[in-house]
Amino acid sequence: MKVYMCVICGFLYEEEKGLPDQGILPGTLWEDIPETWVCPDCGAGKDEFEMIEV
């Protein structure tokens, strides 16, 4: 599982954890999240996220 970070605010999306409160189940891959999804902290689009090493 991978981790993606918002380059605007630093929010982390962890595929392993998902975002259950937003209807994104644990284990949901980044590429399976809709392109219309935005960062819950700052509203940035998916294009503002980068995969990071953890």
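The values are calculated or read from the model by the stated rules, or taken from the named source; none is laboratory data. Note that the structure is a prediction, hence the values are computed from the model and not measured. Please note: Cβ atoms are built from the backbone with ideal geometry, for glycine as well, and neighbour counts cover all protein chains shown. We work out accessible area using only protein heavy atoms, side chains counted, and drop any ligands, DNA or RNA first. Shrake-Rupley method; radii C 1.70, N 1.55, O 1.52, S 1.80 Å.
What accessible area per residue comes out for the chain, rounded to a whole number of Å², with a 1.4 Å probe?
Per-residue value: 66 Å².
Calculate the all-directions average of the projected area of the chain's alpha-carbon convex hull, and give it in nm².
Projected over every direction and averaged, the Cα hull of the chain covers 3.3 nm².
Cβ under 10 Å from Cys6's Cβ, Cys6 left aside: what net charge do those residues give with Lys, Arg +1 and Asp, Glu -1? Show your work: numbers first, answer last.
Working: positive: Lys46; negative: Asp41, Glu48, Glu50.
So the surrounding residues net to -2.
Roll a 1.4 angstrom probe over the protein heavy atoms and tell me the percent of accessible area of the chain that is carbon or sulfur.
Answer for the chain is 52 percent, counting heavy atoms of protein chains only.
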